[in-house]
1. Considering the range 72-89 alone, what residues qualify as being out of contact with any Cys (no Cβ under 6 Å at 6 or more places or on another chain) and of a type outside the set (Gly, Ala, Ser)?
2. At least 2 residues that are in contact with a Phe, Trp or Tyr (Cβ under 8 Å, 6 or more places away or on another chain) and either free of Cβ contacts under 8 Å to residues at least 24 places away in the same chain or surrounded by 15 or more Cβ atoms within 10 Å (Cβ to Cβ) (or both) in each: list the helices (runs of 4 or more DSSP H) lying fully within the range 54-168 that qualify.
3. Output yes when any residue across the range 14-26 is in contact with a Ser or Thr (Cβ under 7 Å, 6 or more places away or on another chain) and either buried (at least 22 other Cβ atoms within 10 Å of the Cβ) or of a type in the set (S, T, N, Q) (or both), and no when none is.
4. Quick one: what pairs do we get from the range 27-42, first residue under 15 Å from Leu130 (Cβ atoms), second assigned to a loop (DSSP other than H, G, I, E, B) and among the hydrophobic types (A, V, I, L, M, F, W, C), C-beta under 6 Å, 6+ apart or different chains?
5. All but one of (1) out of contact with any Asp or Glu (no Cβ under 6 Å at 6 or more places or on another chain); (2) in a loop (DSSP other than H, G, I, E, B) hold for Pro31, so report the exception by its number.
6. I'd like the residue in the range 28-53 that is among the aromatic types (Phe, Trp, Tyr) and surrounded by fewer than 21 Cβ atoms within 10 Å (Cβ to Cβ) and, out of all such residues, is farthest from the chain's Cα centre (by Cα).
Amino acid sequence: MMERVLSWALGLTLAVLLLVVVFLQMSGPTPNPIFGLIAARSHVALFEPWGRYLVVLVEVIALAGVVYPRTRSKGALLALVVALGAIVLHLSPWLGIQLPQGAAMSQALAQGKSAADIAAMNLPTDKGGLFLLCLAIAVLAAGTMFVEQAKVRALSMKKAKKPIGAFA
């Protein structure tokens, strides 16, 4: 019973965080500040908008997987992969841990400013908030996978027990 409650609590919390991330990526300013900055620093224009669309699609699939109990472990694994990819990007020179705040950076990207110009503007940062959100999603996804595996082990132990007695 406890595994079931913990599974739902972790799964729903993970689903809410994934929903927030999807909403931020799809409803924010255009170009998206995060993927636009990655595109500007890496000189790979496919990151914005196509990379963002691909990441959002994978996050929505993970979200659907986490909400449905039978696929919760697979959805959590997918969410963990996306979160680890985001953590790697945050630790790379393409993104960084502290990002300039969204609206001003998006406006600068829309004006065609380079990554060096944006860095020279000394915009206020998010103080690592998005990086911490990636870490929280990774921890919740790993915890959800662990709890789901514990549920499977507990069910297999119940089925493996044989009755003791003369009629066994």
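Derivation of every value follows stated rules applied to the coordinates shown; laboratory data play no part. Every value quoted in this text rests on a predicted model; they were computed, and no experiment measured them. Backbone-built Cβ (ideal geometry, glycine too); neighbour counts: all protein chains shown.
1. Keep residues of the range 72-89 that are out of contact with any Cys (no Cβ under 6 Å at 6 or more places or on another chain), which gives 72-82, 84-85, 88-89.
The answer is Arg72, Lys74, Leu77, Leu78, Leu80, Val81, Val82, Leu84, Val88, Leu89.
2. On the way: elements: 72-91, 102-110, 115-120, 129-160.
Filter on the range 54-168 gives 72-91.
3. Here is the first cut: in the range 14-26, the ones in contact with a Ser or Thr (Cβ under 7 Å, 6 or more places away or on another chain) are 14.
Still in the list and also either buried (at least 22 other Cβ atoms within 10 Å of the Cβ) or of a type in the set (S, T, N, Q) (or both): 14.
Yes, that holds for at least one residue.
4. Listed pairs, sorted by first residue: Ile38/Trp94; Ile38/Leu95.
5. Result: Pro31 fails condition (1) only.
6. If we filter the range 28-53 for residues that are among the aromatic types (Phe, Trp, Tyr), which is where we start, we get 35, 47, 50, 53.
Applying the additional criterion that residues be surrounded by fewer than 21 Cβ atoms within 10 Å (Cβ to Cβ) yields 50, 53.
On the way: Trp50: 17, Tyr53: 14 Å.
Selected residue: Trp50.
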